[in-house]
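Everything on this sheet refers to the single structure shown next.
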Amino acid sequence: MKKTFALILMLLIMAVGYSQTPPVLKVNDKQLGLSSLDIKVDIVGNIATTTYDMLFYNPTNSVLEGELSFPLGEGHNVSRFALDINGKLREAVVVDKELGRIAFEQVVRRGVDPALLEKGMGNNYKARIYPIPANGYKRVVLAYEQELILNVGNQNYNLPLNFKNTLDTFKLEILVFNQIGQPVIEEGKISGLEFSNWEKNYRTSVTKTRYIPNKSLLIKIPVPVDTEKILVYDDYFYIYKTIFHQNRLRKKPSKIALFWDASLSMENRDIEKELDLLDKYFQYLKDVNVCFVSFSNTALSDREFNIINGNWEELKKELLQTIYDGGTGYDILFNKYNDADVKFLFSDGISSLSDVNLIKEKPVFVINSITKSNHSALNHLAQSSNGVYLNLSAKSKSEGLSSLKFESYKFLGYRSNSKGLEVYPKGSMSVSNDFSISGKNVTNGDRIILDFGYDNEILQSIVVDINESKTSNTNIRRIWA
């Protein structure tokens, strides 16, 4: 008799962003009905952890095997995966890509039922779910974490609830820890879901029966000026600070290298947004020389355009005539126009022939309007060159132009009287209006100094003292991890 056991593995491979939709369990391309859903949201500082506890029902007389699909947005990462096996919840183990596949094959050969959760293209997690009992239920638990963005005095949290079928039971609980101002449900209000103060936190919960959760929630969490949240648990700590700084203009370039991805994966780009950004930028620059290269697996076009008084109609016509086909080879760009003051790369970062790579002695501005993209690689390329990554599907027009005009304000590192600290992030990274850092091996009385500025010039230092009177929260361990 085949053993009933689950080896649950989370396979860590390249992550790229994708618009978030609710989880779906399919059997032979047919969706299996979700019977009940219990969602718990914990928000600590600017980190939100969302846990889906799902119960799927198999109405057939056969034991089924299905595939769970769970697309996540940019910057969202799965932090928990568990399956109900013989009435017990079995938690996942995080493993390296190759080790995961080797273990998966070995377990299959032993006649054991494994479950492998893979993180693939489009930040779309997929898992093989077996067995799903005949005329029975299968419980799946999945949690993900995200960093909330501060915008106009509020952090915005979005919970996608686009379910189609009626659920026997629907539960939702949201906890905002160490919060002064009351969160507001801006969109998707549910009867009975109202925030109330609870032990220096804000909490709301609701339980519904025979309910269709088909309206996504948008929650605004007020963040006052000079907000500081310091939380500790054992020797772990988490610091959240709002950051204010004077913008500093970049020097206007006289020569730009513009690389335009014309591969097939770019066919559905939001050309209107991209052209609008270029139009505003050229109107700002007025006069500039543009070395234009369109490419797929080879260089397709290589021309120079002289833009005078913001008139770039000839270049715009060239972009609109682009025919999208073929794979993507970034290596053909490596030695092109390295004398330019800045480089612009319009691409989704999905490489079929070579990795995203450019000479980074000058700033690289990476612009992308496709949601299903390699956001991680694109952001790394921009950050490492003192440039900026613009995900136009998540930024407004004014934010995009501002990122091109002004230098990136950065976290430059930390100093401490403690020699044993382990922190994340460790080094230079761009920041906007707020910043968070976590770490371990902290002791009572430790002092941490956070340095910020432009390039490598420290312009602002924030002193944080750790003491036992700070708010305690068990989530701090997980945030560090």
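Taking the C-alpha atoms only, the angle from helix 375-384 to the longest principal axis of the chain is near 40 degrees. Dividing the Cα radius of gyration of the range 226-320 by its Kirkwood radius returns 1.24 for Rg/Rh.
Taking every alpha-carbon pair within the range 168-240, the share separated by more than 18 Å comes to 50 percent. Comparing Asn338, Ser408, Ile437 along the charge dipole axis of the chain, the residue lying farthest to the positive side is Ile437, per the Cβ-charge model. Take the convex hull of the alpha carbons in the range 347-481; its mean projected area over all directions comes to 10.5 nm². Average 1/r across all pairs of distinct alpha carbons in the chain, invert it, and you get the Kirkwood radius: 24.9 Å.
Rounded to two decimals, what is the ratio between the C-alpha radius of gyration of the range 173-213 and 2.2 N^0.38 Å?
Dividing the Cα radius of gyration by 2.2 N^0.38 Å gives 1.25.
Annotation: extensible slack from Lys215 through Ile308 equals 28.6 nm (criterion: 0.36 nm per residue apart, minus Cα-Cα distance). Quote the Stokes-Einstein diffusion coefficient, in whole µm² s⁻¹, for the range 362-421, based on the Kirkwood radius over alpha carbon pairs, a temperature of 4 °C and a viscosity of 1.567 mPa s. Roughly 99 µm²/s, to the nearest whole number. Averaging 1/r across all pairs of distinct Cα atoms in the range 42-83 and inverting the result yields a Kirkwood radius of 13.5 Å. In terms of distances greater than 27 angstrom between alpha carbons, the cross-link table entries Lys200/Lys419; Lys171/Lys229; Lys343/Lys372; Lys280/Lys426 yield Lys200/Lys419; Lys171/Lys229; Lys280/Lys426. Once the range 429-481 is represented by equal point scatterers at the alpha-carbon sites, with solvent omitted, what log10 I(q)/I(0) does the Debye formula produce at q = 0.24 Å⁻¹? For the requested q values the scattering log ratios are -1.11. For the range 314-393, dividing the convex hull volume of the Cα atoms by the residue count gives 105 Å³ per residue. Restricting the chymotrypsin sites (Phe, Trp or Tyr not before Pro) of the range 196-270 to loop positions (DSSP other than H, G, I, E, B) with no more than 11 neighbouring Cβ atoms within 10 Å leaves Phe244.
Let me know the shape class of the range 210-276, please: from the alpha-carbon gyration tensor, a ≥ b ≥ c as square roots of the eigenvalues, rounded when a/c is under 1.5, otherwise prolate if a/b is greater than b/c, or oblate.
Oblate.
What are the semi-axes of the equivalent ellipsoid for the range 274-318, taken as the square roots of 5 times the Cα gyration tensor eigenvalues, largest first, in whole Å?
Semi-axes, largest first: 21, 11, 8 Å.
Bridgeable aspartates and glutamates around Lys138 (alpha carbons under 12 Å apart, same-chain partners fewer than 8 residues away excluded): Asp53, Glu65, Asp84.
Just so you know, the Rg over Rh for the range 237-389 is 0.98, from Cα atoms, with Rh as the Kirkwood radius.
All of the numbers you see were taken from the coordinates with simple rules; none came from a lab. Just so we're clear, the structure is a prediction, and the values are computed from it rather than from any experiment. Virtual Cβ from ideal backbone geometry, glycine too; neighbours counted across all protein chains shown.
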